[in-house]
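The values are calculated or read from the model by the stated rules, or taken from the named source; none is laboratory data. These numbers come from a predicted model, not from an experiment. Every residue, glycine among them, receives a Cβ derived from its backbone with ideal geometry; neighbour counts consider all protein chains shown. Please note that ligands, DNA and RNA were not included when accessible areas were found on the heavy atoms of the full protein model with its side chains. Shrake-Rupley method; radii C 1.70, N 1.55, O 1.52, S 1.80 Å.
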Protein chains: 4
Amino acid sequence: MKKRVEKLRESVLRENLRLASSGLVILTWGNVSGYDPEAGIVAIKPSGVDYREMKTEDIVLLDLQGNVLEGKLSPSSDTPTHLEIYRNFEGVHGIVHTHSQYAVSWGQSGRSIPAMGTTHADHFYGDIPCTRKLNPNEVQADYELNTGKVIIETFTGIDPLAMPAVVVNNHGPFAWGPSPAKAVDNAIALEAVAKMAYLTVRLGGEERIDHWLLDKHYSRKHGKDSYYGQKKK
Amino acid sequence: MKKRVEKLRESVLRENLRLASSGLVILTWGNVSGYDPEAGIVAIKPSGVDYREMKTEDIVLLDLQGNVLEGKLSPSSDTPTHLEIYRNFEGVHGIVHTHSQYAVSWGQSGRSIPAMGTTHADHFYGDIPCTRKLNPNEVQADYELNTGKVIIETFTGIDPLAMPAVVVNNHGPFAWGPSPAKAVDNAIALEAVAKMAYLTVRLGGEERIDHWLLDKHYSRKHGKDSYYGQKKK
Amino acid sequence: MKKRVEKLRESVLRENLRLASSGLVILTWGNVSGYDPEAGIVAIKPSGVDYREMKTEDIVLLDLQGNVLEGKLSPSSDTPTHLEIYRNFEGVHGIVHTHSQYAVSWGQSGRSIPAMGTTHADHFYGDIPCTRKLNPNEVQADYELNTGKVIIETFTGIDPLAMPAVVVNNHGPFAWGPSPAKAVDNAIALEAVAKMAYLTVRLGGEERIDHWLLDKHYSRKHGKDSYYGQKKK
Amino acid sequence: MKKRVEKLRESVLRENLRLASSGLVILTWGNVSGYDPEAGIVAIKPSGVDYREMKTEDIVLLDLQGNVLEGKLSPSSDTPTHLEIYRNFEGVHGIVHTHSQYAVSWGQSGRSIPAMGTTHADHFYGDIPCTRKLNPNEVQADYELNTGKVIIETFTGIDPLAMPAVVVNNHGPFAWGPSPAKAVDNAIALEAVAKMAYLTVRLGGEERIDHWLLDKHYSRKHGKDSYYGQKKK
């Protein structure tokens, strides 16, 4: 078990560093966590620590209720948001939060990111939803937990594994996946499609991708009939 | 013959890596292939493999009908599109597919990229065409082959060597050339002119380049009266 | 005392180099200064010197009235602006001036940068103000001093530690903080939020962040109830 | 004399490489030349050669009439434009041509780049002019020479040392200066101000910089009363 947890911690460090080198985050903004459901353990980036100085032992370990199990540093202030997502979205084992600029801009406009092409369809099955705004009560107490709750509310009737990202209104994006590495991939894809949707709208493009093309591209990469990538042995 | 094929494979690897370092592709999106018409062999990137780990032996060899001749990995899922282009466009010996962001945005808007200046004219003789959308039947069966067919259809009356790129509607660009290296050059030029056309349109520019200037710049670099670059010995 | 001053000089050099590598400045544009109130000494970048060749001893030392205390080179031509800020904004011990492109564009439009999301709120408590234009008299004599004065005038009723940046009309941004390092952080954050506000406005977003969310994010990072980052020991 | 010429050649190589690493050029687009008026010699980049492989001996030497004095490679196809500028603009000893994207976009819109702020004023004394279009005759014969002629025509009544750049209609920018290094500085500044003017216009900014502020910033850096940078010894 100890070895499993160490592996989780290392992957969370590695993905935080990959996120930092991807150009999606500046300063100490952004964080990656991972969840091992068998161990019941979440590993997350410490709060406000410089990416260049982060070490494996700085990654904080918690249980799903937020009790710190190991680590001398305070966990990311966004931890309650991550935990609420893990508690509600089965199969999600990695979460990324960034302030990547095009995705934030859709969130600041209060708009979902429209599915306009196959790049989008390869990762996200439909429009990437934007949450409603939080009211004063939700912000003043348990703000980060309520950010998680409004994400869960937004996903009523949406499969979080087919739509592995959300834009929080006036805030920014969260992306997730079956592992920390897949979550970072989705965060990178999210910013790319957010930029392309921005450019498309500015060029006067208004139509979403045809649903048959959306279906095709999504199923090409995901599910039992997928044929993208190498067959698992 | 073996040496020729090995050379093709190496150039396809090299150009896939150059494409990855050009900033045009993120994650594992994008692929480069090469075709040796004397050997009758196409070499193409394997599907979904990380660029940082790709080796010469990972490049898949196929015949023009898509039968795998050598290689343990599955070829790019876009292979049928590449093959359809090689079967129809004589003189094309390298093809590149990317999701580069400005070119995709023109495709997501369903618009051809207008020829607005000499940068464009240096590489593309006129507007870079955008295909029609595929219908449900074309998408559901043989999707990648039909993507190739709609490209060929779009080029009715257009010389593919004078117009070495296309934007597939709601999808993204394909570029090509007489070698994998020239195809990557054209993919890089395509994204640059797609960005400049975007900016020009946003500034209110609406006029295309004068046809005499288009002719001059294209013929300066291409054809029997070209005088750009060094004379071949 | 000598050691304190040497430390100030080194931090000013280090932050000038960090600014140069941040992508915010090109050529020799931009400068960072630091102020040690106990020593009564300001350290600032020399004028027009290449970042790649700058050494600790090139950093010029002055008193608050602008008398050079040490250094063979001329101080930045913007020095009188820096000094006017230090003389008036208590607690400000680091100042950065750049021509970062999105912030400049708001200044060239004569518009304050609207607070549209939590990224903004994490660093700036409200809209980042744009100064009025300078009149001919203010420009012709003591131009750099008057640039400082118009910044002070703009901050009537605004706490410079809660709003650590300004955009000078038709010119560009100044950012500051309790240290040169924090000032550079704020300059980096400023350009990011200037870009996101630009994109948001282009997407049709017109609303500012709710005041309860602005309050929450600012207080999460600043003041006695802050809980972002690691507790100081 | 031989030593002077060798120095010119080295500076032209160095500045071509700096241009390549500045992000302003892609592929083999763009070129830098230098002129030594005492030697009567122009040194220029060879045509279509990869920047990564360029060596000092590849830089071609010509006289002002375009006769090759030394060098095995063909000079840049834009050489007649460079020579026409050197023959007409006294004091210009370095010229740069790029297809940098924001500057090109102004040229493709047929618009001069408006002077909107102090960044612009630090380098360019007023709007950066856009030439008229060339007519069919001017394009079909002696195209590159006529590109030079239309630049000279555009500068009737404009001091080329106070306005060291132009945007050629439907083509792209040329920048120059008293040395190849200063010409590259101006090409870099040109792209930055072209981008900022684009963003300003998109934000609804319509006013040019006040003429007293333009005068101040220009004279702060140039002419007998300049006080930016270090005093020459």
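At a glance:
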| quantity | calculated |
| --- | --- |
| Test: residue in the range D:97-104 that is surrounded by fewer than 21 Cβ atoms within 10 Å (Cβ to Cβ) and touching a residue at least 24 places away in the same chain (Cβ under 8 Å) | no |
| Qualifying residue in the range D:15-27 (condition: touching a residue at least 60 places away in the same chain (Cβ under 8 Å), surrounded by fewer than 24 Cβ atoms within 10 Å (Cβ to Cβ) and in a helix (DSSP H, G or I)) | yes |
| Where a residue in the range D:106-121 is touching a residue at least 24 places away in the same chain (Cβ under 8 Å) and more than 7 Å from every other protein chain (Cβ to nearest Cβ) and its partner, wherever it lies, is of a type in the set (D, E, K, R) and surrounded by fewer than 24 Cβ atoms within 10 Å (Cβ to Cβ), with Cβ under 7 Å and at least six apart | D:Ser112/D:Asp127; D:Ile113/D:Asp127; D:Pro114/D:Asp127; D:Pro114/D:Arg208; D:Ala115/D:Asp127; D:Ala115/D:Arg208 |
| Count of the range D:42-69 residues which are charged (D, E, K, R) and part of a loop (DSSP other than H, G, I, E, B) | 3 |
| Pair list, Cβ < 8 Å and 6+ apart or interchain, from the range A:205-227 residues that are of a type in the set (Gly, Ala, Ser) to residues that are open to solvent by less than 30 Å² (accessible area, probe 1.4 Å) | A:Gly205/A:Met116; A:Gly205/B:Ser105; A:Gly205/B:Gln108; A:Gly205/B:Ser109; A:Ser226/A:Arg220 |
| Any hit, the range C:100-116, residues being of a type outside the set (Val, Ile, Thr) and at positive phi | yes |
| Residue that is surrounded by the fewest Cβ atoms within 10 Å (Cβ to Cβ), among those in the range B:147-177 that are among the β-branched types (Val, Ile, Thr) and in a loop (DSSP other than H, G, I, E, B) | B:Thr156 |
| Selection status of B:Val193, in contact (Cβ under 8 Å) with a residue 12 or more places away in the chain, more than 14 Å from D:Asn170 (Cα to Cα) and either part of a helix (DSSP H, G or I) or not aromatic (Phe, Trp, Tyr) (or both) | no |
| Conditions (1) farther than 25 Å from A:Arg18 by Cα; (2) surrounded by fewer than 19 Cβ atoms within 10 Å (Cβ to Cβ): number failed by A:Gly229 | (1) |
| Qualifying positions in the range C:198-226 - open to solvent by less than 20 Å² (accessible area, probe 1.4 Å), within 25 Å of D:Gly205 (Cα to Cα) and over 24 Å from the mean Cα position of the chain (by Cα) | C:Leu203, C:Gly205 |
| Index of the failed condition, D:Ala187 passing every other in (1) under 15 Å from D:Gly126 (Cβ atoms); (2) within 12 Å of chain C (Cβ to nearest Cβ) | (1) |
| Check on B:Lys72, open to solvent by 30 Å² or more (accessible area, probe 1.4 Å) and either part of a helix (DSSP H, G or I) or of a type in the set (A, V, I, L, M) (or both) | no |
| Options A:Lys182, A:Lys195: the member that is within 14 Å of chain B (Cβ to nearest Cβ), within 19 Å of C:Met116 (Cα to Cα) and surrounded by fewer than 23 Cβ atoms within 10 Å (Cβ to Cβ) | A:Lys195 |
| Test: residue in the range B:42-49 that is modelled with pLDDT under 95 and open to solvent by 10 Å² or more (accessible area, probe 1.4 Å) | yes |
